[in-house]
């Protein structure tokens, strides 16, 4: 009898242990499942949603507009070169265009506001702060950026023609800060520093003066730094534009003669170590004083080897002319 009781007690204890272990396994399974679900929800919350499903090289046209300002539109021509969409003769810097395309291709949202009928006015999308578009696979996709969300620290964004409203970081708009003129590939001028400058020749009215030495170096180098290719007046150098800016018969011609140290490379492109100093020239022709788009007084000029008509501050041009006069009269 006692033996039967001990057996029953052992069986009851074993049964309790089995139930306890089963309960533990069920609770553990529930905990693992709950944690997995929470992790999935957190991952979904933090997941980035791709807005532009293409690579930067696939983007063939870009347009962006801040508020009601005039849009900036660029595209690739048949040769794959970036040009203004409104004037195919205006070249666009490949590097700057590629930087914008790269930023657009990487555009993603931190989360999505699910709605079938988005209230554009509530999100600030009816009067957007920015509108931008990109063309790839022969299809143009246009997006609008609206209000800033203090809660998420992001901006609302929607693709025109679709209902989903996204939350995106503002970093994309930093790529849209350049004007069309700043995007233009208007050339790169040589950097003529004081240690490179040899002499400057100024020709006016058939007379030429040569300026050398420290008396003129600082002033002329400073003037050289004011000659910025982005400050162009026209990208068409024709008889008509040359006449318009007084460049058929320039008022003066200025020749900067400077030295450049050139390092040679071998046939495979490796630096050979041998260098040579070469004398080079940078020549500009001064035209008329005109008013720039900003209302500033500028002097038009041509630079040999370049296909733009540029403008320098008239004060810089006046300094060049006064240097000629002072030297010639002495």
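The values are calculated or read from the model by the stated rules, or taken from the named source; none is laboratory data. Everything numeric here is computed off the predicted structure, so don't read it as measured data. Cβ placement follows ideal geometry from the backbone for every residue including glycine, while neighbour counts extend to all protein chains displayed.
Residue 104 meets each of the listed conditions (1) surrounded by fewer than 17 Cβ atoms within 10 Å (Cβ to Cβ); (2) more than 13 Å from residue 167 (Cα to Cα) apart from (1). Residues in region 57-77 that are within 15 Å of residue 136 (Cα to Cα) and surrounded by fewer than 17 Cβ atoms within 10 Å (Cβ to Cβ): 57, 58, 61, 73, 77.
In a residue-by-residue description of region 185-206, the property of being under 30 Å from residue 73 (Cα atoms), in contact with a strand residue (DSSP E or B) (Cβ under 8 Å, 6 or more places away or on another chain) and modelled with pLDDT under 90 applies to no position. The residues of region 109-136 that are in contact with a helix residue (DSSP H, G or I) (Cβ under 7 Å, 6 or more places away or on another chain) and surrounded by fewer than 16 Cβ atoms within 10 Å (Cβ to Cβ) amount to a single one, 126.
Of all residues in region 71-86, those satisfying the criterion of being in a loop (DSSP other than H, G, I, E, B) and in contact (Cβ under 8 Å) with a residue 24 or more places away in the chain are 71, 85.
Selection within region 168-184: residues that are modelled with pLDDT of 90 or more and touching a strand residue (DSSP E or B) at 6+ places or on another chain (Cβ under 8 Å). The member of this set that is surrounded by the fewest Cβ atoms within 10 Å (Cβ to Cβ) is 179.
Residue count for region 271-330 under the criterion of being assigned to a strand (DSSP E or B) and at positive phi: the result is 1. Annotation: residue 223 fulfils all but one of (1) surrounded by 15 or more Cβ atoms within 10 Å (Cβ to Cβ); (2) in contact with a strand residue (DSSP E or B) (Cβ under 7 Å, 6 or more places away or on another chain); the unmet one is (2). The single condition among (1) surrounded by 13 or more Cβ atoms within 10 Å (Cβ to Cβ); (2) in contact with a helix residue (DSSP H, G or I) (Cβ under 7 Å, 6 or more places away or on another chain) that residue 248 does not meet is (1).
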